[in-house]
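The values are calculated or read from the model by the stated rules, or taken from the named source; none is laboratory data. Keep in mind it's a predicted model, so treat the numbers as computed, not measured. No Cβ is skipped: glycine too gets one built from the backbone with ideal geometry, and neighbour counts run over all protein chains shown.
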Amino acid sequence: MSAHLEIRRSDRPRRTRGAEHLFDGPARHEWSLRFLSAPGHLMLLAYVEGVPAGFITGIEDAPPDKGSEMCLYETGRGRAVPQTGIARELVSTLAAIARDRGCYDIVGPVDADNNPGAAFYRATGARADGALSRC
């Protein structure tokens, strides 16, 4: 990737609002605040040349029989952004954070008929059961 890529944690609704063109709809302040302030919730934004170009959200959970795991909840990138590895960098950064938090795994559910989503997960090293990588 030749353009300058930077991954930053979104910890304020203002940052999320600045990237709302990446989401399905407007980033409402109260919803952003609720997500960002919830324990275990994480949003990372990818910036290319200082412009928001992609995002990933993760939710850490601790099932009583498994320990702590990270659920890759959603990813997205700008329509005008070419496929340049941004999503892989976001997944890699989320995986590093999950490892630092002591998560044993990252899971990323994908619908059976979502061929592009399944192909993306396979490209990041996902197993057939939906887990993205061992932490």
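Tabulated results
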read-out	value
Test set (1) surrounded by 13 or more Cβ atoms within 10 Å (Cβ to Cβ); (2) within 25 Å of Asp111 (Cα to Cα); (3) in contact with a helix residue (DSSP H, G or I) (Cβ under 8 Å, 6 or more places away or on another chain); (4) of a type outside the set (S, T, N, Q) - Pro26 fails condition number	(1)
Search result, residues across region 1-28 that are outside any loop (DSSP other than H, G, I, E, B) and among the acidic types (Asp, Glu)	Glu6, Glu20
Residue match in region 59-76 (condition: of a type in the set (Gly, Ala, Ser) and under 20 Å from Phe120 (Cα atoms))	yes
Pairs, first without any contact (Cβ under 8 Å) to a residue 12 or more places away in the chain in region 16-43, second small (Gly, Ala, Ser) and outside any helix (DSSP H, G or I), C-beta under 7 Å, six or more apart	Glu20/Ala27
Residue match in region 57-66 (condition: at pLDDT below 90, closer than 18 Å to Ile7 by Cβ and either crowded, with 19+ Cβ neighbours inside 10 Å or over 12 Å from the mean Cα position of the chain (by Cα) (or both))	no
Selected residue (only one of Ser37, Ser92, Ser32 is more than 15 Å from Thr124 (Cα to Cα) and out of contact with any Ser or Thr (no Cβ under 6 Å at 6 or more places or on another chain))	Ser37
Scan of region 29-56 for residues that are in a loop (DSSP other than H, G, I, E, B) and closer than 26 Å to Leu5 by Cα, ordered by number	Gly40, Glu49, Gly50
Residue that is modelled with the lowest pLDDT, among those in region 83-135 that are surrounded by 12 or more Cβ atoms within 10 Å (Cβ to Cβ) and acidic (Asp, Glu)	Asp105
Candidate set from region 1-19 (those that are among the charged types (D, E, K, R) and touching a Lys or Arg at 6+ places or on another chain (Cβ under 9 Å)); member that is surrounded by the most Cβ atoms within 10 Å (Cβ to Cβ)	Arg15
Failed item, numbered, when Ser37 is tested on (1) more than 11 Å from the chain's Cα centre (by Cα); (2) surrounded by 15 or more Cβ atoms within 10 Å (Cβ to Cβ); (3) more than 20 Å from Pro109 (Cα to Cα)	(2)
